[in-house]
Amino acid sequence: MTENKCCDCGHHHDAAESMSKYDEALALYDTCIDDAQVKEAVKKIIVEKVHENDNPGVKKFLMGSVELTTLKTTDSEESVMAFAEKVNAFDEQYGDLPHVATVCVYPCFAKVASETIEVEGVEIACVSGSFPSSQALIEVKVAETALAIKDGATEIDIVMPVGKFLSGDYEGVADEISELKEVCGEHKMKVILETGCLKTASNIKKASILAMYAGADYIKTSTGKLEPAATPEAVYVMCQAIKEYYEKTGIQIGLKPAGGINTVMDALIFYTIVKEVLGEKWLTNQWFRLGTSRLANMLLSEIEGREVKFF
């Protein structure tokens, strides 16, 4: 009788079953991670290292890593134009500070955002592929992504099909990511793992590896539409996955914590985890981004030493 083994996705697999290329890829990494150990490692970094980075220089750097985001039901062409104009005005008023890295909007606003932004080097990111649920036919996701790029998006943020991942359909997950990366071509694609739905460090590690293996240029924690969003533990596990993937392939993948970044301290904690796990090579606004709408004013207030509500 063939032995059945139980994997941690809760499915029984025939031991004689041939491994898919995705299972083979996952087998190269240690995905049996203890959540309590992750918690301890993160706690140690926060206690011992964050204070070193709590300074004006790091806060200025973080300003340049912000992906200024508006993803509201009430967004309109007028509101997105006003939002983008603030990025132009910021560059004029605070020329000594780095401008934000990106403006992130829905695909229907790619054109107005790209036509309004005048600051060189500010990317136009669009959430695509039926954000935030990712529950749509792949043809719809492909069309939405292609249209966003045609209208001026320079980066695309998609959501991993979380339901497929949790059902153990790793091939379906990776194939969908690959197909959308093909549509993006040279444009950078971020894959949102929605880590709050993945529950365990082991799942977060597997999802990170699958996303990178399938073509992600960045991995991103959350949509910001579900709780919990970005957590230090999720970011730590994603950094470990990026590090191991880089060691095995030589391919550098970016990181974007997003959702639930409510304080400057949250941003400093994420920065410190990246610094400790991945090192200086990732501490540029090309490889480290922060998806948030509220952080820019908070950073600006701390840098200026007074409350500033610019954005």
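The values are calculated or read from the model by the stated rules, or taken from the named source; none is laboratory data. The shown structure was predicted, so the numbers you read here are calculated from the model rather than taken from an experiment. Because the Cβ atoms are built from the backbone with ideal geometry, glycine has one as well, and the counts that use them run over all protein chains shown. These area figures cover heavy atoms from the full protein model, side chains too; ligands, DNA and RNA do not enter into them. Shrake-Rupley method; radii C 1.70, N 1.55, O 1.52, S 1.80 Å.
May I ask you to list the residues in segment 109-153 that are under 26 Å from I209 (Cβ atoms) and hydroxyl-bearing (S, T, Y)?
The answer is S128, S130, S133, S134, T145.
Quick check on segment 297-308: of everything there that is part of a helix (DSSP H, G or I) and closer than 16 Å to G95 by Cβ, which residue is least open to solvent (accessible area, probe 1.4 Å)? Before the answer, list the steps.
Within segment 297-308, the subset part of a helix (DSSP H, G or I) is 297-304.
From what is left, the residues that are closer than 16 Å to G95 by Cβ are 300, 303-304.
Details: L300: 0, I303: 39, E304: 71 Å².
Restricting to residues being part of a helix (DSSP H, G or I) and closer than 16 Å to G95 by Cβ, the top hit is L300.
Got a sec? Which of K72, K86 is on the phi < 0 side of the Ramachandran plot, of a type in the set (K, R) and part of a loop (DSSP other than H, G, I, E, B)? Write out each step before concluding.
Numbers: K86 fails: part of a loop (DSSP other than H, G, I, E, B).
Only one candidate qualifies: K72.
Pairs only if they're at least six apart or on different chains, beta carbon under 9 angstrom, first in segment 243-268 and at positive phi, second in a loop (DSSP other than H, G, I, E, B) and polar (S, T, N, Q); list them, first residue then second.
What qualifies is G259/T221; G259/S222; G259/T223; G260/T221; G260/S222; G260/T231.
In segment 271-285, how many residues are free of Cβ contacts under 8 Å to residues at least 40 places away in the same chain and either assigned to a loop (DSSP other than H, G, I, E, B) or of a type in the set (D, E, K, R) (or both)?
Residues meeting the conditions: 5.
Which residue out of K39, K59 is under 22 Å from the mean Cα position of the chain (by Cα), closer than 14 Å to A267 by Cβ and surrounded by 11 or more Cβ atoms within 10 Å (Cβ to Cβ)?
Numbers: K39 fails: closer than 14 Å to A267 by Cβ.
K59 is the lone residue from the list that is under 22 Å from the mean Cα position of the chain (by Cα), closer than 14 Å to A267 by Cβ and surrounded by 11 or more Cβ atoms within 10 Å (Cβ to Cβ).
So if I check each of L268, L255, which one is in a strand (DSSP E or B), within 24 Å of K44 (Cα to Cα) and either open to solvent by less than 10 Å² (accessible area, probe 1.4 Å) or touching a Phe, Trp or Tyr at 6+ places or on another chain (Cβ under 7 Å) (or both)? First the steps, then the outcome.
On the way: L268 fails: in a strand (DSSP E or B).
Within the list L268, L255, the selection yields L255.
So in segment 191-237, with the set limited to residues that are open to solvent by 30 Å² or more (accessible area, probe 1.4 Å) and either closer than 15 Å to C104 by Cβ or among the acidic types (D, E) (or both), which one is modelled with the lowest pLDDT?
E227
State which residue pairs qualify: first residue assigned to a loop (DSSP other than H, G, I, E, B) and inside segment 20-47, second residue β-branched (V, I, T) in any location, beta carbons under 7 Å apart, and separation of 6 or more residues or different chains.
The qualifying pairs are Y29/I209; I33/V237.
I'm checking my understanding of the structure. Among residues of segment 110-162 that are closer than 15 Å to E77 by Cα and among the acidic types (D, E), which one is surrounded by the fewest Cβ atoms within 10 Å (Cβ to Cβ)?
Filtering segment 110-162 for residues that are closer than 15 Å to E77 by Cα and among the acidic types (D, E), the one surrounded by the fewest Cβ atoms within 10 Å (Cβ to Cβ) comes out as E115.
Would you check if there is a residue in segment 5-13 being at pLDDT 95 or above, in contact with a Lys or Arg (Cβ under 9 Å, 6 or more places away or on another chain) and open to solvent by less than 90 Å² (accessible area, probe 1.4 Å)? Let's see the steps before the verdict.
In the first step, residues of segment 5-13 are kept if they are at pLDDT 95 or above; the result is none.
No, segment 5-13 contains no residue that is at pLDDT 95 or above, in contact with a Lys or Arg (Cβ under 9 Å, 6 or more places away or on another chain) and open to solvent by less than 90 Å² (accessible area, probe 1.4 Å).
So which residues in segment 115-164 are of a type in the set (S, T, Y) and more than 21 Å from the chain's Cα centre (by Cα)?
T116
Output the residues belonging to segment 191-230 that are touching a helix residue (DSSP H, G or I) at 6+ places or on another chain (Cβ under 7 Å), farther than 18 Å from L295 by Cβ and of a type in the set (D, E).
E194
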